[in-house]
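Q: Structure in structure tokens, see below.
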Amino acid sequence: MTRPTVSYAIECAGLVKVYEGDPPVQAVRGIDLRVPAGICFGLLGPNGAGKTTTLEILEGLLEPTEGSVRVLGCSWEDGDSGLRRRIGVSLQETRLSERLTPRETLRLFRSFYGCGPSAEELLALVGLQEKADSYVRHLSGGQKQRLAVACALVGDPELVFLDEPTTGLDPHSRRQVWGIIASLRRQGRTVVLSTHYMEEAERLCDRIAIIDRGRVIAEGAPSELIAQLGGEHVIEIAAADSLPDHLDDLEQLASVRRVRRFQNMVQLTVSEPQEALEELLCYLRQRGIELQTLRARHASLEDVFLSLTGRTLVEADA
Ligand SMILES: Nc1ncnc2c1ncn2[C@@H]1O[C@H](COP(=O)(O)OP(=O)(O)O)[C@@H](O)[C@H]1O
Ligand SMILES: [Mg+2]
């Protein structure tokens, strides 16, 4: 693989996409992104946020209504810049021929490229050697997905796009795909993926853009975004009887940064969980409030999404 020659694998500005129709759909409403070469970059957002539309514009498969795109320093309008051969794409839904085997599928895809790893190397990379000669229709969802990722790698791409690479997979298959993605990044490739699983974004991505309703609402390293909450831990409580309406007092407790009512729970974002817990328990005892639930955990990207939108990712998906 040729090493990255540009500092940004992707630069796009002012991307807008309106799907014509009645009524028209504003899928992307002004997206700017800069993806440094060599990192794993994630678009995190609920269903319908505009992730696939954005990816397909970057992949040169869809024309933006407005905005500019540079991929590996080239523009899709430059004509035959060789750009297509330098990227690999795994679409949200890949329909591979059911009557071919993984080995045959990869040989077919390879025949479109002048170079790149052999079918055997790709089968080994995605752990499909044992299924190399089974029909695609006999593969599990996770195995098909790994084959789709292998197909994106046939041209030894500098930049790989993976649209929802683990959606619908069981936890074991998901981990296998995570392992493949981590290895792509170690090989020095740039990976751009979309996901609506915050855990996946947090685990795999060096940087993410959180996308909601066609816009980037936050961008940065997952740890930076979580740190911006002001506290890196969350304490959640629910009481047997309802908790008092006035939560201002809770904000006064040591190390509590923010208090939010969420469904029947109260969530405290705190910097020092032990300190906050001691004060909280004392507060509740003084008021005779009996707890039904008490949970303390690390803050996650889910909390970032909630604090930015007032919805959880799961609610936003529905
Ligand atoms: N071909 C299309 N025609 C009309 N609307 C579309 C089309 N593709 C996607 N959309 C709409 O655009 C919005 C963004 O979709 P999409 O980019 O697929 O989001 P995501 O990948 O984040 O789920 C959604 O409201 C979706 O229904
Ligand atoms: Mg999508």
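Q: Conditions: (1) out of contact with any Phe, Trp or Tyr (no Cβ under 9 Å at 6 or more places or on another chain); (2) within 16 Å of ligand 2 (Cβ to nearest atom). Val25 meets all but one. Number of the miss?
A: (1)
Q: Scan the stretch 109-122 and tell me whether some residue there is over 15 Å from Ala150 (Cβ atoms) and either more than 16 Å from ligand 1 (Cβ to nearest atom) or open to solvent by less than 30 Å² (accessible area, probe 1.4 Å) (or both).
A: Taking every residue of the stretch 109-122 in turn, at least one turns out to be over 15 Å from Ala150 (Cβ atoms) and either more than 16 Å from ligand 1 (Cβ to nearest atom) or open to solvent by less than 30 Å² (accessible area, probe 1.4 Å) (or both).
Q: So Val191 passes all but one of these: (1) closer than 30 Å to Arg29 by Cα; (2) touching a Ser or Thr at 6+ places or on another chain (Cβ under 9 Å). Which condition number does it fail?
A: Going through the list (1) closer than 30 Å to Arg29 by Cα; (2) touching a Ser or Thr at 6+ places or on another chain (Cβ under 9 Å), Val191 breaks only (2).
Q: Residue by residue through the stretch 129-158, note down the ones that are open to solvent by 50 Å² or more (accessible area, probe 1.4 Å), polar (S, T, N, Q) and outside any loop (DSSP other than H, G, I, E, B).
A: Gln129
Q: Restrict the check to the stretch 88-111 and report whether at least one residue is among the basic types (Lys, Arg) and within 14 Å of ligand 2 (Cβ to nearest atom).
A: No, every residue in the stretch 88-111 fails to be among the basic types (Lys, Arg) and within 14 Å of ligand 2 (Cβ to nearest atom).
Q: What residue, among those in the stretch 1-60 that are open to solvent by 50 Å² or more (accessible area, probe 1.4 Å), more than 12 Å from ligand 1 (Cβ to nearest atom) and not β-branched (Val, Ile, Thr), is modelled with the lowest pLDDT?
A: Pro4
Q: With (1) within 16 Å of ligand 1 (Cβ to nearest atom); (2) hydroxyl-bearing (Ser, Thr, Tyr); (3) within 15 Å of Asp206 (Cα to Cα) as the list, and Thr166 as the residue in question, which single condition is left unmet?
A: Going through the list (1) within 16 Å of ligand 1 (Cβ to nearest atom); (2) hydroxyl-bearing (Ser, Thr, Tyr); (3) within 15 Å of Asp206 (Cα to Cα), Thr166 breaks only (3).
Q: Also: Return yes or no: is Ser75 in the same structural domain as Thr52 (by TED's automatic domain parsing) and over 22 Å from Asp163 (Cβ atoms)?
A: For Ser75, the condition - in the same structural domain as Thr52 (by TED's automatic domain parsing) and over 22 Å from Asp163 (Cβ atoms) - is not met.
Q: Now, a different point. If I filter the stretch 168-191 for residues that are within 16 Å of ligand 2 (Cβ to nearest atom), open to solvent by 10 Å² or more (accessible area, probe 1.4 Å) and not assigned by TED's automatic domain parsing to the domain that holds Arg258, do I get at least one hit?
A: Looking through the stretch 168-191, at least one residue is within 16 Å of ligand 2 (Cβ to nearest atom), open to solvent by 10 Å² or more (accessible area, probe 1.4 Å) and not assigned by TED's automatic domain parsing to the domain that holds Arg258.
Q: Something else: Open to solvent by less than 30 Å² (accessible area, probe 1.4 Å) and within 16 Å of ligand 1 (Cβ to nearest atom) - does that describe any residue in the stretch 81-98?
A: yes
Q: Oh, and also: Considering every residue within the stretch 266-283, establish whether at least one is touching a residue at least 24 places away in the same chain (Cβ under 8 Å) and under 30 Å from Leu33 (Cβ atoms).
A: Within the stretch 266-283, one or more residues are touching a residue at least 24 places away in the same chain (Cβ under 8 Å) and under 30 Å from Leu33 (Cβ atoms).
Q: Filter the stretch 159-192 down to residues that are at negative phi, in a loop (DSSP other than H, G, I, E, B) and of a type outside the set (A, V, I, L, M, F, W, C), then give me how many there are.
A: Summing the residues that are at negative phi, in a loop (DSSP other than H, G, I, E, B) and of a type outside the set (A, V, I, L, M, F, W, C) in the stretch 159-192 gives 6.
Q: Since Thr293 meets every condition but one in (1) in a strand (DSSP E or B); (2) in contact (Cβ under 8 Å) with a residue 60 or more places away in the chain; (3) among the β-branched types (Val, Ile, Thr), which condition does it not meet?
A: Among (1) in a strand (DSSP E or B); (2) in contact (Cβ under 8 Å) with a residue 60 or more places away in the chain; (3) among the β-branched types (Val, Ile, Thr), Thr293 violates only (2).
Q: Moving to a separate point now. Among the residues that make up the stretch 69-80, is at least one of them within 16 Å of ligand 2 (Cβ to nearest atom), open to solvent by 40 Å² or more (accessible area, probe 1.4 Å) and among the hydrophobic types (A, V, I, L, M, F, W, C)?
A: no
Q: Here's a follow-up. Does Glu219 satisfy being under 14 Å from the mean Cα position of the chain (by Cα), over 25 Å from Arg95 (Cα atoms) and either free of Cβ contacts under 8 Å to residues at least 12 places away in the same chain or assigned to a strand (DSSP E or B) (or both)?
A: For Glu219, the condition - under 14 Å from the mean Cα position of the chain (by Cα), over 25 Å from Arg95 (Cα atoms) and either free of Cβ contacts under 8 Å to residues at least 12 places away in the same chain or assigned to a strand (DSSP E or B) (or both) - is met.
Q: What are the residue pairs meeting all of these: first residue in the stretch 123-143, first residue in the same structural domain as Leu96 (by TED's automatic domain parsing), second residue part of a loop (DSSP other than H, G, I, E, B) and acidic (Asp, Glu), Cβ atoms under 7 Å, and 6 or more apart or on different chains?
A: If the second residue must be part of a loop (DSSP other than H, G, I, E, B) and acidic (Asp, Glu), the pairs left are Tyr135/Glu98; Val136/Glu98; Arg137/Glu98; Gly142/Asp170.
Q: Mind checking which residues of the stretch 205-234 are among the aliphatic types (A, V, I, L, M), closer than 13 Å to Leu43 by Cβ and open to solvent by 20 Å² or more (accessible area, probe 1.4 Å)?
A: Passing the criteria: Val216, Ile217.
Q: Sticking with this one: Residue check: is Leu169 modelled with pLDDT under 95 and closer than 18 Å to Ser90 by Cα?
A: It is true that Leu169 is modelled with pLDDT under 95 and closer than 18 Å to Ser90 by Cα.
The values are calculated or read from the model by the stated rules, or taken from the named source; none is laboratory data. Just so it is clear, the model here is predicted, and its values are computed rather than measured. Don't worry about glycine lacking a Cβ; one is built from the backbone with ideal geometry, like all the others, and counts go over all protein chains shown. The accessibility values were calculated without ligands, DNA or RNA, using every heavy atom of the protein model including side chains. Shrake-Rupley method; radii C 1.70, N 1.55, O 1.52, S 1.80 Å.
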